[in-house]
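Nothing in this text is a laboratory measurement; each read-out follows from the coordinates by a stated rule. Because the structure is a prediction, the values reported are computed rather than measured. Because the Cβ atoms are built from the backbone with ideal geometry, glycine has one as well, and the counts that use them run over all protein chains shown.
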């Protein structure tokens, strides 16, 4: 009996060790998608971020892992997918390197850029003057609108009805301030990620979720008993986050984004992730970084 | 009860890649726990020796260090290091991390998590080791001194081999606590079982079977329960063997959260 | 240095609010942990094998599952199952029930620290089981459990930080500090005050239990 138990334990340890080895191979292919080799290898001036990334053969990009349809980890394939990922791929392809995705939460992504954990942030990040003090932004690649999401049977019709109700948004996002201004009597529930907001409204522990319309649309795609109400609270231009002061890299990212918008890839991506569900068409944004920054002042 | 055992609510477990995905996440937790434990033991021993040193200043400094890290919430330490650990440190880790580790364990953020776990657990283990060493009969040290051994000889040849043996069971139960604590690193976005659990509960975006939160996290809880029960069996067995060997009764040291208390010698 | 103080004065309200939430969480959970822990300990030393086993299952289950998993089950999980549990109830109950397993273990080992001879002597003097427990065992056990109970309490104060980061989103000290840090980008300064707050709480608990210990110590 005694030896039996010991054998069982040894078996468990062995199984764990084996599993560990097995996992290594799998996840290596799972989290990094092989970039299509850039047809014509572009040359970059030595000393630029682009040359450095080319040298390392990889770029680390902070994206959302739980915000469909922008950045979402698919448990079946292990890959991260979404609109932000399409933009990220375009940038990595142009560099001719492999993109490596790490999860950027609303309250750590600025830090990721500052300390170099990520080379680039593409995580539904709104361009604001306040953030612009800490990091640099690319030209806007998407313009979202702030809206409110409620349950299908809710009596909340607009932002005015939020008084005394529980509203969920992400810690460190722009909506914390927006809601304090537009619905000062609402009770804020600040969580780490929007998937927690979705869980909270589904389980009824909050009455509403407020954030960008496209993120809310992603929630409706997952649960069609939810609905959008009220008008547009804010305009939220998304920009790629770049380390403060890296002008060459910003110019490069702007150039790739401009091409992404003009050559049809933007429209295809929009339709794939949003349009096919909402049956709406949208043109690539024309707003400039200047306008976006003015908006937040 | 109907909701809990409704087979429809458990269907996710056998469809798609869900069960495997959760298990893979769980392995990351176990590996983080093992690596952190290894380093915590080394650092803990150094701290315990410093605390017991005859040099007053060294002993005091070690004591303050131990008390600070022991009394801060681990959640706090993880969050802070996750946000504030300097990049060169992360880079150093990324380039030093051996290739056989899974991808999830080779990112710089894991270094922040490991550092937090080691800082906290080494402080706890240092206290346990100190108690183990102090629990030895003074006569042992005196007899060794009478034989002409130096301080370090006494430590190395007489005190440590016995003291460390006595704390083996406590170390295994600390591993249980550590294993549970690895769930906290999910907050700094390390791809372990809690994150995988959250992803699985959202699989219906990709047209999968709905995976209810209650069932998914019960399943995760069961994985921890099974592993930790095995560990606590092991700990108890070691303890009984030790007791038989020394012939005295070591105070029973059970779960990690109270073992600290039992090990405290004032 | 002045940056640190500025952060404190500018956000004093939020920090105090967070500390108060943490205190309420800890107080509520402590009450539950003591009551449930005593009950479970009683089960574990009951003169029936089945009751002992029941107590054992409670302790083993709660002690081997991470608190974070427990919080997910007790809040999001139960709400999805149709139980309208609130974040405060879920938070206090989870932290309390989790800690109760440790309290039960401390109390049990306290009871066992009283030598068997005393129990046998008491029984042979004609005391029954309940009387023996109340008059002989518990008064002595109480003394030996004060210090370990203190450690469990400190562990619980530290674990309360987990409640705030989970789905429950209670605005406790750690959460408030993270909100301040995210708004001002002064992470280190904000976290410094959280550390101070937690060290104050755990320090106060340490002192309180030391005093208790001294008060009930046997003078020799």
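Roughly what would the spin-label model give for residue A:76 and residue C:135, points 7 Å off Cα along C-beta, in nm?
In this crude spin-label approximation the distance works out to 7.3 nm.
Per-residue mean of other chain beta-carbon atoms within 10 angstrom of the beta-carbon, peptide B:222-229?
Counting other chains' Cβ atoms within 10 Å and averaging over B:222-229 gives 4.
How much of the DSSP beta bridge set in the protein assembly as shown is antiparallel, as a percent to the nearest 5?
60 percent
Please give the peptides A:59-69, B:209-219 ranked by average Cβ packing (other Cβ atoms within 10 Å per residue), highest first, as a rough proxy for protection.
The packing order, highest mean first, is A:59-69, B:209-219.
Averaged over A:57-67, how many beta carbons belonging to a partner chain fall within 10 Å of each residue's beta carbon?
1
Tell me the relative contact order for chain B as a rounded percent, counting alpha carbon contacts under 8 Å between residues six or more apart.
28 percent
Where a ≥ b ≥ c are the square roots of the eigenvalues of the C-alpha gyration tensor, would you call chain C rounded, which needs a/c under 1.5, or, failing that, prolate if a/b is larger than b/c, or oblate?
Cα axes put chain C in the oblate bin.
Give the Rg (one decimal place) followed by the Dmax (whole number) of chain A, computed from C-alpha coordinates and expressed in Å.
21.4, 75
What list of whole percents do you get for P(r) of segment C:179-220, with Cα-Cα distances grouped in 5 Å bins up to the one holding the largest distance?
Binned Cα distances yield the sequence 5, 20, 15, 13, 11, 9, 8, 7, 5, 4, 2, 1.
Counting only other chains, and only Cβ atoms inside 10 Å, what mean value do you get across the residues of C:103-111?
3
Would you mind checking the tilt of helix B:168-181 against the longest principal axis of the Cα atoms of chain B, expressed as 0 to 90 degrees and rounded to 10?
In chain B, helix B:168-181 runs at an angle near 30 degrees to the longest axis.
Mean 1/r over all different Cα pairs, inverted: what Kirkwood radius does segment B:1-127 give, in Å?
17.1 Å
Per the helix-only calculation at 222 nm, which mean residue ellipticity applies to the protein assembly as shown, given -39500 (n - 2.57) for every DSSP H run of n ≥ 4 and division by its residues, nearest 500 deg cm²/dmol?
-19500 deg cm²/dmol
At 7 Å along Cα-to-Cβ for each site, give me the label-to-label distance between residue B:162 and residue A:45 in nm.
7.2 nm
Considering all projection directions equally, how large on average is the shadow of the alpha-carbon convex hull of segment C:54-133, in square nanometres?
Taking the Cα atoms of segment C:54-133, their convex hull projects to 6.9 nm² on average.
Quick one: A:154, B:95, fewest Cβ neighbours within 10 Å first, how do they rank?
Final ranking by Cβ density, sparse to dense: B:95, A:154.
By counting other Cβ atoms within 10 Å of each Cβ, how are B:181, A:213 ranked from fewest to most?
Least to most surrounded, the residues fall as A:213, B:181.
Cα gyration tensor of segment A:168-297, axes a ≥ b ≥ c as square roots of the eigenvalues: rounded (a/c below 1.5), prolate (a/b > b/c) or oblate?
oblate
Would you please put A:283-289, A:122-128, C:74-80, B:147-153 in order of how densely packed they are, using the mean number of other Cβ atoms within 10 angstrom per residue and starting with the highest?
Result, highest mean first: A:122-128, C:74-80, A:283-289, B:147-153.
Which of C:22, A:225, C:89, C:132 comes first, and how do the rest follow, when ranked by fewest Cβ neighbours within 10 Å?
Ranked by crowding around the Cβ, least crowded first: A:225, C:89, C:132, C:22.
Does segment A:141-207 come out rounded, prolate or oblate by the C-alpha gyration tensor, with a ≥ b ≥ c the root eigenvalues, rounded set by a/c under 1.5 and, if not, prolate when a/b is larger than b/c and oblate if not?
rounded
Per q in 0.06, 0.07 1/Å, what log10 I(q)/I(0) does a Debye calculation on the alpha-carbon atoms of the protein assembly as shown return?
For the protein assembly as shown, the Cα-only Debye profile gives -0.40, -0.55.
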